[in-house]
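Comments concern the structure below.
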Amino acid sequence: MSHHSAIAIPARDRSMIPRLTATVLVVDDEYLIAEGLCMQIEDMGLAVCGTAATAAEAVALACLHRPALVLMDVRLQGDKDGVDAALAIYDEVGSKVVFITGSREPATVARIALDHPQAVLYKPVSNSQLIAAVNAAIAS
């Protein structure tokens, strides 16, 4: 029997991986919203690698799973918010982030803008808005 080693995909060719292998991390401290987002992502043919309700959980899961995309609520449980988590994830992992927020406060919007957002969606988010933002983020 011959032994075949796994074929490593060079970094520059990772864009050739079918989008079905892309994973998405969902971060929202409201369970029902997180579950709804997971279902919408799975309906698009994408895999959800995990859900988190705090910034610390989000960063830990992102480092573990290295998702292509993070759907990030701004307000989370604990002392850190989604902007803090997204900055850490961007630095550590490089995942793209789509923010989902109920807040249009200028200070919040300004903090999000500092954070390399792929898109910012305002609650309530329609299915078509989510699909467009996720597809654009994964394609870019």
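If the segment from Glu105 to Gln77 were pulled out straight at 0.36 nm per residue, it would be longer than the present Cα-Cα gap by 8.2 nm. Here the simple spin-label model places points 7 Å from the Cα toward Cβ, and for Asp43 and Tyr122 these points are separated by 2.3 nm. Near the amide H of Val48, within less than 5 Å, lie the amide hydrogens of Val24, all on another chain or at least 5 residues away, with H placed in the peptide plane.
Axis angle, to the nearest 10 degrees, between helix 127-139 and the longest C-alpha principal axis of the chain: 50 degrees. Its relative contact order, with pairs defined as Cα atoms under 8 Å and 6+ residues apart, puts the chain at 20 percent.
Helical runs assigned H by DSSP (4 residues or longer) give the chain a calculated mean residue ellipticity at 222 nm of -12000 deg cm²/dmol, each run adding -39500 (n - 2.57) before division by the residue total.
Every read-out reported here was derived from the displayed coordinates using simple, explicitly stated rules and does not represent laboratory data. On a predicted model such as this, the values are computed, not experimentally measured, just so you know. Note: ideal-geometry Cβ built from the backbone for every residue, glycine included; neighbour counts use all protein chains shown.
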